[in-house]
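Working notes, structure below.
The values are calculated or read from the model by the stated rules, or taken from the named source; none is laboratory data. Keep in mind the model is a prediction, meaning the values are calculated, not measured. Every residue, glycine as well, gets a Cβ built from its backbone with ideal geometry; the counts of neighbours run over all protein chains shown.
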Amino acid sequence: GSEVRVKRSVKVYHVPKVGEMDLKGKVGVLKQYVGSYKGKRISANLPYQIEFSADDVVGRNGKPVKFVAHLREDEFE
């Protein structure tokens with residue numbers, strides 16, 4: 001639930017209504033750490049699941065589009 005800010009240039013291509021988006025400087029909410037499963041450590045290369053809100057993209061309901069991206073620990077602060 002902590003707020004994090006992306007400090008590196010990370011491009012994602014799965015945001016609805018946007019072809020390519022750079023996450024550098026965007027603020028998101030840490031949703032989940034997926035580096036462990038049922039108490040055992042797994043080798044996830046992008047273990048942090050972070051939820052972002054694309055304020056400049058409006059969805060069907062008139063609200064900003066929300067999307068999730070998986071990042072490494074050194075890509076955000």
For the stretch 55-62, state whether one or more residues are without any contact (Cβ under 8 Å) to a residue 40 or more places away in the chain, touching a Lys or Arg at 6+ places or on another chain (Cβ under 9 Å) and surrounded by 10 or more Cβ atoms within 10 Å (Cβ to Cβ). yes
For the stretch 29-43, give me each residue that is touching a residue at least 24 places away in the same chain (Cβ under 8 Å) and assigned to a loop (DSSP other than H, G, I, E, B). Val34
Have a look at Glu3, Glu20, Glu75 and point out the one that is of a type in the set (D, E, K, R) and surrounded by 12 or more Cβ atoms within 10 Å (Cβ to Cβ). Glu75
I'm trying to understand the selection: among the residues of the stretch 1-28, which are among the hydrophobic types (A, V, I, L, M, F, W, C), within 18 Å of Val57 (Cα to Cα) and assigned to a strand (DSSP E or B)? Val12, Met21, Val27
For His70, indicate whether it is assigned to a strand (DSSP E or B) and not β-branched (Val, Ile, Thr). yes
Filter the stretch 47-77 for residues that are among the small types (Gly, Ala, Ser) and closer than 15 Å to Asp22 by Cβ; which is modelled with the lowest pLDDT? Ala54
From the set of residues in the stretch 1-46 that are modelled with pLDDT under 90 and β-branched (Val, Ile, Thr), which is farthest from the chain's Cα centre (by Cα)? Ile42
